[in-house]
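A short write-up of the structure that comes next.
Each reported figure results from applying straightforward, stated rules to the coordinates on display, with no laboratory input. Quantities reported herein were computed from a predicted structural model and do not represent experimental measurements. Using ideal geometry, Cβ is built from the backbone for each residue, glycine included, and neighbour counts are taken over all protein chains shown.
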Amino acid sequence: MEWLLPAALRVITAVALIYFGLGLFNVTWLMRVRAIGALAVGALLVGGFAWPVVRPELPTAAITLISSGITIPGVILCLLLAFAAGFCAWFVAWPAGRIFAPYAVPTGLAVWAMQSGTMHRLLLEYPDAAGRQTLYAALRWEGLLWLLICAVGYLGVIVASKAAGAKIVILGQYDSEKPQGVNVLINVVLAVVVTLAVTWFAVGFFVQDVHQPDPALGSVVGQPGNRQIAFGVFAAFCLAAYLVKYALKIGFLPVAAASALLTFFGETQLLRGDTLAHLAGNWPIAYFNHAVNAITPLQMVAFAWLGAITGYWMAVKFHHGTWESH
């Protein structure tokens, strides 16, 4: 029971931050309560009920497909719970389900991510260059699974919206601004490219730990903690979504989806050349060539989705002045 008090304090702190943070957007107290309820649905259904599916054997181990022993039936259960969370959260947050319900499933993933061990802990099982090569080669694809869970949760939001007869625009534009035909694809591709460029530098800036000079790599960064990762990834994707909405009139989905690509490109870059061998031969396991490679795929996707949704609605609030048309 000694874990109960710290857990309760974390929950109270999170609820207080969300409640007073929404006040900055002039959200009424009732809508703030409904928003917290929508997040609680995701935390309960995905973060709680699906926890046994992803829980690693060791409490300090990282949550990954490699170390958690996640099975295909387990993945199916996660997908069903994600759909249910998105669907139920829409009605809990009514009439602002389209705003707050998409937060539900990534909130559940964030609960897992905060309990997960770090990349440093995972690399202790793969200390040499060959082991790290195998590990990163597998991890760079893993973001697609967590992305799929979030996408199924958003599908639940769409189905709930349709069932209630409400309108939801998937890419989040005004009807008068919506690009037509091939322009939609162009804007989506541009949104992903902008997101990758912005978040590569922003994650390196916001996800901070000890930096050490390195003659071959310029510098290396130590393993950041989970709270630092949560803040840094959230802030980076919030900034990217804000810029994408402001410049391209595109919603948060391409920005959030780019989180899996950021992990893929970061780890692909690490696997090329002699970077991995140089790190293994010259630095302790807790040092990385870039902060992106110190973040597990689960952590990247969970906090990126939360940041992307927030950045999008910040752009709507500050540049369009109304929520209703979205």
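Quick look at the values:
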{"read-out": "Pairwise FRET efficiency - GLN212 versus ILE76, Cβ, R0 = 51 Å, nearest 0.05", "value": "0.70"}
{"read-out": "Exposure proxy ranking, count of Cβ atoms within 10 Å, fewest first, for MET114, MET119", "value": "MET114, MET119"}
{"read-out": "Dipole magnitude of segment 4-319, debye to nearest 20 (Cβ charges: Lys/Arg +1, Asp/Glu -1, about Cα centre)", "value": "960 debye"}
{"read-out": "q = 0.09, 0.11 Å⁻¹: log10 I(q)/I(0) that the Debye formula gives for segment 4-319, counting C-alpha atoms only", "value": "-0.45, -0.67"}
{"read-out": "Spacing of the two label points (7 Å from each Cα toward its C-beta) at ALA138 and LYS317, in nm", "value": "4.2 nm"}
{"read-out": "Charge dipole (segment 4-319, unit charges on Cβ, about Cα centre) - positive-most of SER259, VAL301, TRP313", "value": "TRP313"}
{"read-out": "Among 66-76, 230-240, 263-273, the order from most to least packed when residues are scored by Cβ within 10 Å on average", "value": "230-240, 263-273, 66-76"}
{"read-out": "Whole-number D in µm² s⁻¹ for segment 192-316, Kirkwood Cα-pair radius fed into Stokes-Einstein, 10 °C, 1.306 mPa s", "value": "109 µm²/s"}
{"read-out": "Computed over segment 4-319: relative contact order in percent, which uses C-alpha pairs under 8 Å that are six or more apart", "value": "22 percent"}
{"read-out": "Given charges at Cβ of Lys, Arg, Asp, Glu: segment 4-319 dipole, positive-most of LEU139, PHE49, THR71", "value": "PHE49"}
{"read-out": "Order of TRP146, TRP112 under a 10 Å beta carbon neighbour criterion, fewest first", "value": "TRP112, TRP146"}
{"read-out": "Using a Förster distance of 51 Å, the FRET efficiency for LEU155-ASN282 (Cβ separation, nearest 0.05)", "value": "0.65"}
{"read-out": "Packing-based order for 97-108, 192-203, 132-143, using average beta carbon neighbours within 10 Å, highest first", "value": "97-108, 192-203, 132-143"}
{"read-out": "Inter-probe distance in nm under a simple model that places probes 7 Å from Cα toward Cβ, at VAL189 and LEU30", "value": "4.7 nm"}
